[in-house]
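For reference, the structure is listed below as structure tokens.
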Amino acid sequence: MSEIKHKITKLYYSIGEVATMFSVNNSLIRFWEKEFNIIKPKKNKKGNRYFTVKDIANFKIIFHLVKERGYTLDGAKKKLRENKYNTVKNVEIVSQLQEIRAQLVGIRELL
């Protein structure tokens, strides 16, 4: 899983900031926004997108399904539609396990 080390501290994030968090292009963020109805950024008068913490959490789920688990877009949509709760829980568990692993590797390096 991509290591998203950014602390969520702001109310809104620009598309560039979100793309940097996930190490993807801005165009992929725009594409996923169109494909997945769970992502609803705020837009200003100029049309700039501003993503909330909830949007970023949803991107994390989509990223996990598509980029890490290898789901197609249709497969990811189906998974979210059928069993979003378990999918979200699985993503959280994987994220926590990766954090624990990183801490253990850090401890091993200190020894």
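Values quoted throughout were computed directly from the atomic coordinates according to the rules given, and no laboratory measurement underlies them. Keep in mind it's a predicted model, so treat the numbers as computed, not measured. Don't worry about glycine lacking a Cβ; one is built from the backbone with ideal geometry, like all the others, and counts go over all protein chains shown.
Each residue of segment 56-73 was assigned a 3J(HN,Hα) from its phi angle through the Karplus curve 6.51 cos²θ - 1.76 cosθ + 1.60 (θ = phi - 60°); the sequence is 5, 4, 5, 4, 4, 5, 4, 4, 4, 5, 7, 7, 9, 8, x, 5, 6, 4 Hz, with glycine and proline shown as x.
Between helix 26-35 and the chain there is an angle of about 70 degrees, using the helix long axis and the longest principal axis of the Cα atoms. Amide hydrogen proximity for ARG49: with H placed 1.01 Å from N in the peptide plane, the residues at 5 or more positions away or on another chain lying under 5 Å are ILE15. Above 19 Å, the calculated P(r) of the chain contains 49 percent of its Cα-Cα pairs.
For the chain, modelled as a GNM whose springs connect Cα atoms under 10 angstrom apart, the maximal fluctuation among LYS54, LYS77, LYS34 occurs at LYS34. Taking LYS43, LYS84, LYS67 in turn, the Gaussian network model of the chain (Cα-Cα springs below 10 Å) assigns the largest fluctuation to LYS43. Partners of LYS46 within straight-line reach, counting lysines whose Cα lies under 20 Å from its Cα and excluding those fewer than 8 residues away in the same chain: LYS34.
Across the chain, the mean sequence separation of Cα contacts (distance under 8 Å, 6 or more residues apart), normalised by length, yields a relative contact order of 22 percent.
Placing unit charges on the Cβ atoms only, positive for Lys and Arg and negative for Asp and Glu, gives segment 13-110 a dipole magnitude near 500 debye about its Cα centre. Between ASN90, ASN37, ASN25, the Gaussian network model of the chain with springs among Cα atoms under 10 angstrom shows the greatest mean-square fluctuation at ASN37. Entry note, the chain: the mean residue ellipticity at 222 nm calculated from DSSP H runs of n ≥ 4, each adding -39500 (n - 2.57), is -20000 deg cm²/dmol after division by the residues and rounding to the nearest 500. Ranking ALA19, THR87, THR52 by Cα position along the charge dipole of segment 1-99, where only Lys, Arg, Asp and Glu carry charges on their C-beta atoms, puts THR52 farthest toward the positive end.
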